[in-house]
Amino acid sequence: MRIAVIPGDGIGIEVTLEAVAALREAAARTAMRLQFTELPYGADHFLKTGETLPPGALERLQEFDAILLGALGDPRVPDGRHAADILLGIRFGLDLYVNYRPVRLLDDRLCPLKGRTERDVDFVIFRENTEGLYVGMGGIFKKGTPDEVAVQEDVNTRKGVERICRHAFEFAAQRGRRRVLMADKSNALTFGHDLWQRTFREVAGGYPAIEASHMYVDALAMQMVKDPSQFEVIVTCNMFGDILTDLGAQIQGGMGLAASANLHPGRTGLFEPVHGSAPKYAGKDVANPMGAILSAALLLENLGRPEEARLLEDAVVDCIREGRTTRDLGGALGTREVGAEVRRRIAARS
């Protein structure tokens, strides 16, 4: 399997290195064969060449089985244009309409909610990844004047809404999940989210064995904190998904553990931890590599290697339960030490 690696910026470079090392360790212990190709897209490349994604980059990326991406963002590029062009460029250019974020508590002590255990926090959020407010449609009139007007368009298509809703129900049916909830704000966004309401109901009709329900997004945010155990599969639009998944990351123990996949079934997927590039911590060997390693586990799962994916995930869980973590999770190890601990457990389990 051919894997494109884009290390990114800041701590992205460090944690991606550990994720690749974990993948290599799993491959060395099983019958899996992996070939890695590192691509330089990031702030350094942009500052040297003026390129974000060079011509032909999207076509080249489609030749790989998967893409592993580190965090993007660098203070030398204050407007963040390279990060937006690379990340959104790949998502939109490859039509990766599914943003898949598992929210799973790996150890009881990591949950900030009182009395909640691993059994209470185990759900997934599917975020529509190619539409909504993130498409960049709009403009500014009379910029910098007292009469300035800014317009940002929220784009929702029947095709886009239907396919993400259907993906959520298909996932639930395949994984034995019994409930799918759609979150919107149709009481205020009466046009775009009316489309979500109608489409969700129509798609749900094809899955009578799965309970379909709805919450307004503000109510859902409250309920995620009050009782996360009531959720199994959540599907929502681009912006709401962005916000809810970060809330979910905190419920599961912090951004350092949050993994994600950007998918279009049957095509090359993009896998990334969702923390930022944290430039002030770059090079200090303090960043948590577990989110990147868990993203690598999602990569393997998506490529039909569930046993190797479990090797990575189980190794991470063992490290957490034994306190062999970085400081954000209460441990005392550095980035490289955590990576080595994960690899040692992969070797021991295989």
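Quick notes
- Residue among Met215, Met255 that alone is in contact with a His (Cβ under 7 Å, 6 or more places away or on another chain), surrounded by 13 or more Cβ atoms within 10 Å (Cβ to Cβ) and closer than 21 Å to Asn99 by Cβ: Met255
- Counted residues, the range 125-138 - those being assigned to a loop (DSSP other than H, G, I, E, B) and either farther than 23 Å from Ala297 by Cβ or among the hydroxyl-bearing types (Ser, Thr, Tyr) (or both): 4
- Among the criteria (1) under 30 Å from Ile293 (Cβ atoms); (2) acidic (Asp, Glu); (3) not in a helix (DSSP H, G or I), the one Asp242 does not fulfil is (3).
- Among the candidates Ser350, Ser260, the residue that is among the hydroxyl-bearing types (Ser, Thr, Tyr) and at pLDDT below 95 is uniquely Ser350.
- Taking the range 263-277 as the range and being among the hydrophobic types (A, V, I, L, M, F, W, C) and modelled with pLDDT under 95 as the test, only Val274 passes.
- Among the residues of the range 106-137, those identified as closer than 19 Å to Met224 by Cα and among the β-branched types (Val, Ile, Thr) are Thr117, Val121, Val124, Ile125.
- Hey, Arg81 surrounded by fewer than 19 Cβ atoms within 10 Å (Cβ to Cβ), within 18 Å of Ile3 (Cβ to Cβ) and either among the basic types (Lys, Arg) or touching a His at 6+ places or on another chain (Cβ under 7 Å) (or both) or not: no
- Of the residues examined, Ala57 is not one that is touching a residue at least 60 places away in the same chain (Cβ under 8 Å) and either at positive phi or surrounded by 14 or more Cβ atoms within 10 Å (Cβ to Cβ) (or both).
Residues checked against (1) in a helix (DSSP H, G or I); (2) surrounded by 15 or more Cβ atoms within 10 Å (Cβ to Cβ):
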position	(1), (2)
Tyr100	no, yes
Val103	no, yes
Leu106	no, yes
Glu118	no, yes
Phe123	no, yes
Ile140	no, no
Pro146	no, no
Lys159	yes, no
Arg166	yes, yes
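- Applying the condition of being free of Cβ contacts under 8 Å to residues at least 60 places away in the same chain and among the basic types (Lys, Arg) to the range 70-108 and asking which residue is nearest to Ile13 (Cα to Cα) yields Arg76.
- Members of the range 230-248 that are closer than 19 Å to Gln197 by Cα and either under 11 Å from the mean Cα position of the chain (by Cα) or in the same structural domain as Ala71 (by TED's automatic domain parsing) (or both): Gly241
- Here the condition is being of a type in the set (Gly, Ala, Ser), surrounded by fewer than 18 Cβ atoms within 10 Å (Cβ to Cβ) and closer than 30 Å to Asp107 by Cβ; of Ala221, Ala209, Ala183, it holds for Ala221 alone.
- Residue in the range 290-297 that is buried (at least 22 other Cβ atoms within 10 Å of the Cβ), more than 28 Å from Lys185 (Cα to Cα) and polar (S, T, N, Q) present: yes
- Any hit, the range 271-282, residues being surrounded by fewer than 21 Cβ atoms within 10 Å (Cβ to Cβ) and over 29 Å from Ala57 (Cα atoms): yes
- For Ala249, the test of being of a type in the set (Gly, Ala, Ser), closer than 26 Å to Thr16 by Cα and either surrounded by 23 or more Cβ atoms within 10 Å (Cβ to Cβ) or at pLDDT 95 or above (or both) is passed.
- Hits in the range 305-330 - residues which are out of contact with any Gly (no Cβ under 9 Å at 6 or more places or on another chain) and among the aliphatic types (A, V, I, L, M): Ala309, Leu311, Leu312, Ala315, Val316, Val317
The values are calculated or read from the model by the stated rules, or taken from the named source; none is laboratory data. Owing to the predicted nature of the structure, the values given are computational and were not obtained by experimental measurement. Quick reminder, even Gly has a Cβ in these numbers, built from the backbone with ideal geometry, and neighbours come from all protein chains shown.
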